[in-house]
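> Can you read through this structure? Questions will come right after.
Bear in mind that the values in this text are calculations on the coordinates, not laboratory data. These figures come from a predicted structure and were not determined experimentally. Note that each Cβ is placed from the backbone with ideal geometry, even for glycine, and that neighbours are counted across all protein chains shown.
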Amino acid sequence: MKVLKAEGLKKVYGKKVKTVAVDGFSYEFMPGKSYAVVGPSGSGKTTLLYLLAGIEVPDVGRVIYGDIALFSMGDDGRARFRADHFAFVFQQFYLIPYLSALDNVSMGLYLKTGKTDPKRAREILKTLGITDPSKKPYEYSGGEQQRIAIARALITDPEVIFADEPTGNLDSKNSATIFKVLTGIAVEGRTVIVATHDLDLASTCDVVLHLKDGRLVNT
Ligand SMILES: Nc1ncnc2c1ncn2[C@@H]1O[C@H](COP(=O)(O)OP(=O)(O)OP(=O)(O)O)[C@@H](O)[C@H]1O
Ligand SMILES: [Mg+2]
């Protein structure tokens, strides 16, 4: 587990009309800690997560994980590196509709290693409260589907987990459960970085980072 360091990240979208989505973001994310990124709509939360995860390339600045600079690698190398060390949980789950929960989770590991481990997939789902993993995604509630998506991320044993508005479509009870799961993962020595609108949920993380116009305003 290593430090994830952002140095002067800047991302500008658009050619004619330019939007500065992230504007000089520097920070060190420590292993074993959970971080909430909060801020109004358009403040750059999603863009920041994409930059930190190496999905988007910054116009200026660097992301360093341990002693590796993410953007010194090419696209393929960075994709490989991301698969080896990071996992990303999206608001829309992106579960495969025709596969069972178990197979969706197995697929997460298969994409990384070319192998499956149904026993482990079942165990992880169970710890997240999914005891019957044989159903298709639409047969689960939204909260359950999000937990399946988290299980699919966890089975790859990621060192850093990013989650972008993972509770955006959930009620408050399910949202609290998801945050408990995510902050619990950090206790295992992983780094957890979650973008959210919800300040109450954010406060359950170890650190809350406030973004405004792509800038870190206080912590
Ligand atoms: N692919 C893109 N092309 C052009 N502009 C973009 C793109 N992605 C984001 N932006 C702009 O960059 C700014 C930051 O967007 P971002 O999605 O990071 O904000 P956010 O904090 O995640 O917002 P929300 O809370 O609504 O999800 C916004 O002004 C947005 O319109
Ligand atoms: Mg967003």
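> Along the Cα→Cβ direction, 7 angstrom out, place labels at residue 171 and residue 141. What is the inter-label distance in nm?
Output for this residue pair reads 0.6 nm.
> Which of the listed residues, 21, 185, 77, is farthest toward the dipole's positive end in the chain, when Lys, Arg count +1 and Asp, Glu count -1 at the beta-carbon?
Of the listed residues, the answer is 77.
> Order by neighbour count: 71, 162, 93, fewest other Cβ atoms within 10 Å first, most last.
Details: 71 14, 162 26, 93 20.
Result, fewest neighbours first: 71, 93, 162.
> Of the options 47, 160, 4, report the single residue whose Cα projects farthest towards the positive end of the charge dipole of the chain (beta-carbon charges: Lys, Arg +1; Asp, Glu -1).
Result: 47.
> What angle, in degrees between 0 and 90 and rounded to the nearest 10, separates the Cα long axis of helix 118-127 from the longest principal axis of the Cα atoms of the chain?
The angle comes out near 70 degrees.
> Under a straight-distance cross-link criterion of Cα-Cα below 18 Å, which lysines are reachable from residue 135, leaving out those fewer than 8 residues away in the same chain?
119, 126
> Helix 75-85 sits at what angle to the longest principal axis of the chain, using alpha carbons and giving 0 to 90 degrees rounded to 10?
60
> Given +1 on the Cβ of Lys and Arg, -1 on the Cβ of Asp and Glu, and no further charges, what dipole in debye does the chain carry about its Cα centre, rounded to the nearest 20?
280
> Would you mind calculating the gained length between residue 117 and residue 99 on full extension (0.36 nm times residue separation, minus the Cα-Cα distance), in nm to one decimal?
Details: separation 18, 0.36 × 18 = 6.48 nm, distance 1.54 nm.
Residue separation times 0.36 nm, minus the Cα-Cα distance, leaves 4.9 nm.
> What 222 nm value per residue comes from the helices of the chain, counting each DSSP H run with n ≥ 4 as -39,500 (n - 2.57) and dividing by all residues, nearest 500 deg cm²/dmol? Mind dumping the intermediate values first?
Values: 7 runs with 75 residues, N = 219.
Helices in the chain give a 222 nm mean residue ellipticity of -10500 deg cm²/dmol.
> What residue among 31, 107, 91 has its Cα farthest toward the positive end of the dipole of segment 4-139, where the charges are +1 on Lys, Arg and -1 on Asp, Glu, each on the Cβ?
91
> Another question, then. From Cα pairs below 8 angstrom and at least 6 apart in sequence, can you work out the relative contact order of segment 4-218, rounded to a whole percent? Numbers along the way, then the final one.
Values: 429 pairs, mean separation 69.3, N = 215.
Value for segment 4-218: 32 percent.
> Report the label-to-label distance for residue 60 and residue 41 in nanometres (one decimal), using points 7 Å from each Cα along the Cα→Cβ vector.
Between residue 60 and residue 41, the simple spin-label model gives 2.9 nm.
> Where does the chain land on Rg(C-alpha)/(2.2 N^0.38 Å)? Please report the intermediate quantities before stating the final value.
On the way: Rg = 17.0 Å, N = 219, 2.2 N^0.38 = 17.1 Å.
Normalised by 2.2 N^0.38 Å, the Cα Rg of the chain equals 1.00.
> Using DSSP, restrict attention to beta bridges with both residues in the chain and report what percent are antiparallel, rounded to the nearest 5. Don't skip to the answer; put the middle values down first.
Numbers: 18 of 35 bridges.
In the chain, approximately 50 percent of DSSP beta bridges are antiparallel ones.
> What is the spin-label model distance, in nm, from residue 15 to residue 1 if the labels are put 7 Å beyond Cα along the C-beta direction?
Calculated label separation equals 4.5 nm.
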